[in-house]
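A short write-up of the structure that comes next.
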Protein chains: 2
Amino acid sequence: MSAENSQENRPVILTGDRTTGPLHLGHYVGSLKNRVALQETHEQFLLLADAQALTDNAHDPEKVRRNVMEVALDYLAVGIDPQKSFICVQSLLPALAELTMLYLNFVTVARLERNPTVKDEIRLRGFERDIPAGFLCYPVAQAVDITAFRATLVPVGEDQAPMIEQSNEVVRRINRQAGRDVLPEARALIPNVGRLPGVDGKAKMSKSQGNAIALSASADEISQAVRMMYTDPNHLRASDPGTVEGNVVFSYLDAFGTDRAAVEELKAHYRRGGLGDMKVKRRLEDILQALLGPIRERRAALAQDPGYVLSVLRDGTRKARERTQQTFEDVREALGLFRL
Amino acid sequence: MSAENSQENRPVILTGDRTTGPLHLGHYVGSLKNRVALQETHEQFLLLADAQALTDNAHDPEKVRRNVMEVALDYLAVGIDPQKSFICVQSLLPALAELTMLYLNFVTVARLERNPTVKDEIRLRGFERDIPAGFLCYPVAQAVDITAFRATLVPVGEDQAPMIEQSNEVVRRINRQAGRDVLPEARALIPNVGRLPGVDGKAKMSKSQGNAIALSASADEISQAVRMMYTDPNHLRASDPGTVEGNVVFSYLDAFGTDRAAVEELKAHYRRGGLGDMKVKRRLEDILQALLGPIRERRAALAQDPGYVLSVLRDGTRKARERTQQTFEDVREALGLFRL
C-alpha cells in the first residue's frame, strides 16, 4: 500500500462498472480518464458490479463472470494504479448484500417505481411488469454501494443524478431511525465533458448498439470504425462547405484531440469547404491509434498474466471487505440490531 | 453435538419465528409442540427471523432485537433441545442476504405482487403502495431460508402453503439456469391440528390483538384469561343447554386436554344442560396451569442465565453459517459466478 493510500483524510470516491462487456471509448471519455486523475487526490474504490449486472442478466451469468476480468483489464490498461485505487468484486462483498436487505425496509415500492432511471431502463429493456425484483431494487443496492464505502463523491453522468438523490434519501431515513449520522450523504461528481456519440451518430456509444470502439480494439478495427464514421451527409465533395455540429468525426476530435488550436483550425477549414472527410478521418485515426495503441499493448500484456490481475482483485476486494464490513457493523450497532 | 445430529441422512426441517414478541399458546399448539417431537427424528433448524421481522418493523428495531432473546427463551422453555435442534439468528447469516440478492433476479415483481400471503398481509397491515420494498421481497427471502439450509420439509399453517410453492418456483428456475439440481425442492408439513382461537373467540390468537396467553404468562394472568374467555353467549344459567361449537373454552379443552374421554363427557354434559361455565373454565384452568407452570419456571431459570442462552445461539448460528455458506458457494459455482 502506498503512503498516499494510508492518508485517512482523502475524500472517498465510489465508482465502477457493470461487468457486461469490455469497456469502450465512451467509458474512457466519460469516466476512466477522470478516474486515472482522481486516484492521485482521492481514496478511490472501483467496483466490478457483477451482482448488479445479474439483475438483468440472470439468464447469462457466464457473460457477467467473464467480463469481471475484461473490465479489470481495461482498468489496469488505461492507467488505474492498484497502489492508488482499490479494484474490488461486488458479489464477493457480503456486507453489500446484508446492507441491501436492511435498506430495502426503508424504501417503499412506490418510491422505487418512481425512480426516473429505473423507469427509463424498464422502458429501454422492455421489462414492463415482468421486471425482475432484483432490477426494481437495484437503486437500493446502489445506495448501499455508495454508503458502504463511506463515499461522499460519486462520479456519474447527469442522467444518474437521481440515483444519488435516492441514496441520500435512504441515508437520511436510516440516520433518523438511528438518531445520529451513522451514514454520510454523497454528492454527484458530474464530469464537464459531453457524452461521446456512437460512431453511427447515435447519441450514446454502446456495445449492444454495435456503434462502439472497444478499448481493446485492434488497429484494423479502429481504422474501419473511423472509415465508417458518420459525418455530414450533405458534404458530398471535398470542396463543399461542411457542417461540424453533429458530425461524429469532429465530436471525437473535440474529445480526443490534444492540440485544441489545430482542431479549431480543421473545423474552420471544413466549414468553409475544401477539406475532405477522408483527410479529417485520417487525422482522427492517427489520434485514436496513438491513444489506443499503448492501452491495447498493456492490456494484452496483462491478459498474459492473469495471476497478477487476480492478485490485484484479491487485494482490492480484501480492502473493500474491511471497509464495507465495518459500515455494516456500524449500522447494525446504530439501529440496535441483535449481536452475539 | 449429539450422535443423532451427526446422522447425515435425517431429513432437514426449517422452521422459526419472526422476533416481534414472545410466543403464546397459539404457537405452542400450532408449531412448538410439533417441533419438540420432530427434533427426535429430523435435523431441525429454528430460525430467529429478526431480519424478516424488520421488513415491517424498521421503525422499531429495538423491539425486534429484544425479542430474539424472548423467543429463544420460549424455545428452550418448551423443550427445544439445543443438542437436537439448531437455534440460529437470521440476521447473523450473511449467506442468506447474499442468496436473496441472487434469487431476486429470478422472480418478477408481478409474481411477488400475486403472492396470496403477501397480498393478504399488505391488506392486513394497511400498506398499499407504501409497502416497504423489503416486505414485497420477503417471500424470496423465505425461499432462501428454506433452500439455504437444504430443508425439504417446512412446517407451516395451511395459509402459508403458497410460500413453499413460490420457493419451489425459484428453485426450479435456478436449477434450470444451472443445468442441474443444485437446490432441492421442499414440501409443506401441514400440522393436523386446527388453529387455536383467541381468548375472545376471534379466529386467531395474536399478541397484537390482545387475545393471547403468553407462554410466560403468570398464574394470575392465566387465571384471568380463562375467566374472561368467550363461551356460549346464550348459555346464561348453568341449567341451560349450551353450545360447544365456537365456544373457546371447549376449543382449548380439545387442544390441551389429554384425557379425550373426559373432554367428550364434559361436552355432552354442557350440551344437555346442568354444567356451568365456571366449572368448565376451572377444568381448563387446571390444565393450562399444569402445562404452563413448568414452562414458566424453566423460562424464568433460563432468563437468569443469559450466558447459557447466548452460547446456544452462538453454537446454532455457527452451524447455520456453515450450512448456508456452503449452499451459497454451491449456487455460485453452479451458476458460474466469479471466484477469486
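The values are calculated or read from the model by the stated rules, or taken from the named source; none is laboratory data. Note that the coordinates shown come from a computational prediction; the quantities given were computed from them, not determined experimentally. Methodologically, a virtual Cβ is constructed for each residue, glycine included, from the backbone with ideal geometry; neighbour enumeration extends over all protein chains shown.
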Somewhere in the range B:41-50, is a residue surrounded by fewer than 24 Cβ atoms within 10 Å (Cβ to Cβ), without any contact (Cβ under 8 Å) to a residue 40 or more places away in the chain and either closer than 24 Å to B:Ala300 by Cα or more than 17 Å from the chain's Cα centre (by Cα) (or both)?
yes
Name the single residue that is nearest to the other protein chains (Cβ to nearest Cβ) among those in the range B:118-151 being among the basic types (Lys, Arg) and touching a helix residue (DSSP H, G or I) at 6+ places or on another chain (Cβ under 7 Å).
B:Arg129
Single match in A:Ala53, A:Ala77 (criterion: more than 7 Å from chain B (Cβ to nearest Cβ), in contact with a strand residue (DSSP E or B) (Cβ under 6 Å, 6 or more places away or on another chain) and either assigned to a helix (DSSP H, G or I) or in contact (Cβ under 8 Å) with a residue 40 or more places away in the chain (or both)):
A:Ala53
Of the residues B:Arg18, B:Arg35, only one is more than 14 Å from chain A (Cβ to nearest Cβ) and of a type in the set (D, E, K, R); which?
B:Arg35
Just to be sure, is B:Ala72 surrounded by 20 or more Cβ atoms within 10 Å (Cβ to Cβ), within 11 Å of chain A (Cβ to nearest Cβ), in contact with an Asp or Glu (Cβ under 7 Å, 6 or more places away or on another chain) and part of a helix (DSSP H, G or I)?
no
Do the conditions hold for A:Val244, that is, is it more than 30 Å from A:Asn57 (Cα to Cα), touching a Lys or Arg at 6+ places or on another chain (Cβ under 9 Å) and either touching a residue at least 12 places away in the same chain (Cβ under 8 Å) or outside any helix (DSSP H, G or I) (or both)?
yes
Within the range B:267-281, does at least one residue satisfy the condition of being modelled with pLDDT of 95 or more, crowded, with 21+ Cβ neighbours inside 10 Å and within 26 Å of the chain's Cα centre (by Cα)?
no
Over the range A:233-243, the set of residues modelled with pLDDT of 95 or more and closer than 16 Å to A:Leu284 by Cβ is A:Gly242
Is the range A:203-220 home to any residue that is within 24 Å of A:Arg271 (Cα to Cα), surrounded by fewer than 21 Cβ atoms within 10 Å (Cβ to Cβ) and modelled with pLDDT under 90?
yes
Number of positions in the range B:97-126 that are farther than 16 Å from A:Cys137 by Cβ and of a type in the set (A, V, I, L, M)
2
Search the range B:330-340 for residues being part of a helix (DSSP H, G or I) and of a type in the set (D, E, K, R), and hand back the single one that is farthest from the other protein chains (Cβ to nearest Cβ).
B:Asp330
Does at least one position in the range A:166-179 carry a residue that is within 11 Å of chain B (Cβ to nearest Cβ), at pLDDT 95 or above, in contact with a His (Cβ under 9 Å, 6 or more places away or on another chain) and over 23 Å from A:Ala320 (Cα atoms)?
yes
Checking B:Gly293, B:Gly316, B:Gly274, B:Gly307 in turn, the sole residue that is of a type in the set (Gly, Ala, Ser) and not in a helix (DSSP H, G or I) turns out to be B:Gly274
Candidate set from the range B:298-329 (those that are charged (D, E, K, R) and touching a Leu at 6+ places or on another chain (Cβ under 8 Å)); member that is nearest to the other protein chains (Cβ to nearest Cβ):
B:Arg314
Counting only residues that are buried (at least 16 other Cβ atoms within 10 Å of the Cβ) and assigned to a loop (DSSP other than H, G, I, E, B), which one in the range A:82-107 is farthest from the other protein chains (Cβ to nearest Cβ)?
A:Lys84
Give the residues of the range A:232-277 that are of a type in the set (A, V, I, L, M, F, W, C) and under 16 Å from A:Val199 (Cβ atoms), sorted by residue number.
A:Val248, A:Val249, A:Phe250, A:Leu253, A:Ala255, A:Phe256
Inside the range B:206-237, can you point out the residues that are of a type in the set (A, V, I, L, M, F, W, C) and closer than 30 Å to B:Arg125 by Cα?
B:Ala212, B:Ile213, B:Ala214, B:Leu215, B:Ala217, B:Ile222, B:Ala225, B:Val226, B:Met228, B:Met229
Before we move on, is B:Ala110 in a loop (DSSP other than H, G, I, E, B) and either within 9 Å of chain A (Cβ to nearest Cβ) or in contact with a His (Cβ under 8 Å, 6 or more places away or on another chain) (or both)?
no
Within the group A:Asp181, A:Asp145, which residue is among the charged types (D, E, K, R) and surrounded by 19 or more Cβ atoms within 10 Å (Cβ to Cβ)?
A:Asp145
Residues satisfying the stated conditions in the range B:246-259, i.e. exposed (fewer than 15 other Cβ atoms within 10 Å of the Cβ) and within 26 Å of the chain's Cα centre (by Cα)
B:Gly246, B:Thr258
